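Just below is one structure, and these are the notes that go with it.
Since every read-out is calculated from the coordinates, none of them should be taken as a lab result. None of the values given here were measured: they were computed from a predicted structure. Heads up, the Cβs are rebuilt from the backbone with ideal geometry, glycines too, and the neighbour counts pull from every protein chain shown.
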Amino acid sequence: MSDAAENRDALSNLLKEERRFPPPPALAASANVTAAAYAAADADRLGFWAEQAARLSWATAPTETLDWSNAPFAKWFADGELNVAYNCVDRHVEAGLGDRVAIHWEGEPGDSRAITYAELQREVSKAANALTGLGVEAGDRVAIYLPMIPEAVVSMLACARIGAPHSVVFGGFSADAVSSRIQDADARIVITADGGYRRGKPSALKPAIDDALASCPDVRNVLVVRRTGEDVAWTEGRDVWWHDVVDAQPDTHTPRAFAAEHPLFILYTSGTTGKPKGILHTSGGYLTQASYTHHAVFDLKPETDVYWCTADIGWVTGHSYIVYGPLSNGATQVMYEGTPDTPHQGRWWEVVQKYGVTILYTAPTAIRTCMKWGDDIPAKFDLSSLRVLGSVGEPINPEAWMWYRKNIGGDRCPIVDTWWQTETGAMMISPLPGVTEAKPGSAMRPLPGIAADVVDDNAQPVPNGGGGYLVLTEPWPSMLRTIWGDDERFKDTYWSRWEGLYFAGDGAKKDEDGDIWLLGRVDDVMLVSGHNISTTEVESALVSHPKVAESAVVGATDATTGQAIVAFVILRGSAAEAEGIVDELRNHVGATLGPIAKPKRVLIVPELPKTRSGKIMRRLLRDVAENRELGDVQTLTDPDSVRRISFILSEGK
Ligand code: ATP
Ligand code: MG
């Protein structure tokens, strides 16, 4: 942790937001969850979660809710037994819903497939039989490195079905990133594909696995899906085709019940702040919260809604809100293989129109990119089916929120800004679309059954109007159980700062009503002339200027002020040639937040360094601004982007 973060007092609370958006009355009147849920959970938190666990089908119903006797190692529903895949697939078929479409899959080249729950049951059964045939037993780890194709979902569920924890590695990661994750999890089987389609052409995946496995001698078999049909190198005896091995299997499989605390998956965090951590999630508590939050926060009506989460399966959002949450709820969803601008910048909106998507869940980075491309693009499509919009991954700037509401949500859809992490497994802080009067840019308050607060250095809750560190004050069902193979790092990273509190690593403030605003990572907080200023607030002030699409702000060491604010700004399409824009932007921030927050330097850039999950990598921009060697760029989408920015910075001196 940086010195600035160590010595800080409350975060300066600069941004004021007066706009309010109450729930649409019709949605509120028929909402899945009402204000009564908060009251029920406040009165009996554990009782509330026990009730939510009953959403699932248990082979043995749990009689215990939480065992916290060995804190911070939690056990939830420990004497219960269930099969996660059965809950996501078979029980819907048994309930007569086998003909319901589970997945409308849309390939990037325009091919598509509709998969019903009955078909999903057959596919998952075949894959489970195949994995068993390859010697996979309960407890063995399976690495999955696939594009956004149905086999990704099938593979995850097949692992869950036989109790083999999966470790999904994002398909855009390099061979090094893959091999270190395979080694860390000690996976013996890898599921991959020849490739997938990205940006209009096949993008190979198998070569990265071939490279990665040079340093993973313990991997026995590689199961390869044919997607692009391109040539692949083949290691006889190790590599097997999915269509040979899986398709030949019987399409029935009897699921076995596992203990609620049986490991479900390991997932490495995005690596925005440093070395990724192997986050371990288990079965019963995880599925309970993924399922409940998906039902509550999106107000999912499985009979009529068409849900679409644009995340990749390689991120926790893909795990909880493409696979486990929606499928446990019997949802019909869209899954899209490719990039949003292939073959044109309206592709997402075309998909919404084609399938009549009613609930859309995406990330601020995507929303800001669409802002940059222009309002006229979504305007060409019929988006009237939409009724709830979601956001996750970073704080959403109030102006991006407004743009999303107006241009995508037709000024009628509530937006749920959902704060959570790989570690929390499921949503923690979010509006409820039928209950909450939303404020643009605020995640509002903890969901029913969740206890969060904002505290100061001494772990004291800050008063309304104050800022500090976001903490979780009570255990929750979908919490991480440990960092894979490293209990000490688990305790150190999350539980050592204050006794009994989970430290999320994020800064936050409470407004005058006590609603929570996320202010970015505490490591990113700037200390300017004795004030702690959040990068998020300065970025939001910049994005509130009509010519700005996106910005990243960092504090660079400065002899007089301690840290000086340096802003990197991407302009909206039409404003690219703007004259005098730098002074205009500095003054705009000064007028919006006060003179203390005025950036010392503003640099107009064509792009920002982002992780592959779309988050701005501020630590690298700080390296650039302070003329330091660049830190680890392994998880960047485009490692050259920082070098180009560094050039612009040296030109601008
Ligand atoms: P690493 O922990 O390896 O540095 P990461 O934190 O980016 O990577 P994730 O678990 O994918 O990995 O992201 C969780 C983080 O994303 C949160 O801690 C928070 O900083 C940010 N975040 C997610 N959703 C929101 C949101 N709605 N508002 C504000 N920040 C959010
Ligand atoms: Mg994190």
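Extension gain, Asp99-Thr342: 0.36 nm per intervening residue step, less the Cα-Cα distance, totals 84.4 nm. Each label was represented as a point 7 Å from its Cα along the Cα-to-Cβ direction; for Asp375 and Thr473 these points are 4.3 nm apart. If you sort the three axes of the alpha carbon gyration tensor as a ≥ b ≥ c, you get a/c of 1.5 or more for the stretch 203-262 and a/b no higher than b/c, which makes it oblate. Which distance in Å, rounded to a whole number, links the C-alpha centroids of the stretch 445-502 and the stretch 314-344? Between the Cα centre of the stretch 445-502 and that of the stretch 314-344, the gap is 28 Å. With the simple model of a label 7 Å out from the Cα in the direction of the Cβ, Arg238 to Arg19 spans 5.4 nm. A straight chain from Thr304 to Ala214 at 0.36 nm per residue would run longer than the Cα-Cα distance by 27.6 nm. Just list whichever of Lys201/Lys301; Lys510/Lys598; Lys277/Lys301 have alpha carbons separated by over 28 Å in the model shown. Those over the limit are Lys201/Lys301; Lys277/Lys301.
Of the residues Ser179, Ser391, the one with the fewest other Cβ atoms within 10 Å heads the list, and the complete ranking is Ser179, Ser391. Label positions at Thr560 and Thr252, each projected 7 Å from the Cα along the C-beta direction, are separated by 8.0 nm. For the pair Glu626 and Ser69, a Förster radius of 45 Å applied to the C-beta separation gives a FRET efficiency near 0.45, rounded to the nearest 0.05. Highest mean packing comes first when the peptides 567-573, 597-603 are listed by Cβ atoms within 10 Å, giving 567-573, 597-603. Per residue, the convex hull spanned by the Cα atoms of the chain amounts to 145 cubic angstrom. Can you give the local net charge around Ser384? Use residues other than it whose beta-carbon is closer than 15 angstrom to its beta-carbon, Lys and Arg +1, Asp and Glu -1. That sum, taken over residues with Cβ under 15 Å, equals +2. Judged by the mean number of other Cβ atoms found within 10 Å, the most tightly packed of the peptides 280-293, 158-171, 347-360 leads the ranking 280-293, 158-171, 347-360.
Of all DSSP beta bridges confined to the stretch 85-234, the antiparallel ones make up roughly 45%. Taking the DSSP beta bridges in the chain as the whole, what percent of them are antiparallel, to the nearest 5? For the chain, the DSSP antiparallel bridge percentage is about 60.
Under a model in which nothing but the beta-carbon of Lys, Arg (+1) and Asp, Glu (-1) is charged, the stretch 387-464 shows a dipole of about 500 debye around its Cα centre.
Taking the charge dipole of the chain about its Cα centre, with +1 at Lys and Arg Cβ atoms and -1 at Asp and Glu Cβ atoms, the residue from Leu287, Ser544, Trp241 reaching farthest to the positive side is Ser544.
What percentage of all Cα-Cα pairs in the stretch 292-353 are separated by more than 19 Å? The answer is 34 percent, as a whole percent.
Label zone (Ser385, point 7 Å along Cα-to-C-beta; backbone nitrogen cut-off 18 Å) within the stretch 103-137: 103-108, 110-117.
Determine the shape class of the stretch 1-144: with a ≥ b ≥ c the square roots of the Cα gyration tensor eigenvalues, call it rounded for a/c under 1.5, and otherwise prolate if a/b is greater than b/c, oblate otherwise. Note, shape of the stretch 1-144 comes out prolate.
Estimated from the Cβ-Cβ distance and a Förster radius of 25 angstrom, the FRET efficiency linking Gln183 and Lys491 is about 0.60. Backbone geometry of the stretch 248-256 corresponds, through the Karplus equation with coefficients 6.51, -1.76 and 1.60 at θ = phi - 60°, to 3J(HN,Hα) couplings of 7, 7, x, 9, 10, 7, 8, x, 9 Hz, x marking Gly and Pro. Peptides 315-324, 611-620, 23-32 ranked from most to least packed give 315-324, 611-620, 23-32, packing being the mean of other C-beta atoms within 10 angstrom over each peptide's residues.
By the count of other C-beta atoms within 10 Å, a proxy for reagent exposure, Tyr145, Tyr336 are ordered fewest to most as Tyr336, Tyr145. The Cα atoms of the stretch 398-506 cover 49, 33, 23 Å along the three principal axes, with the biggest extent listed first.
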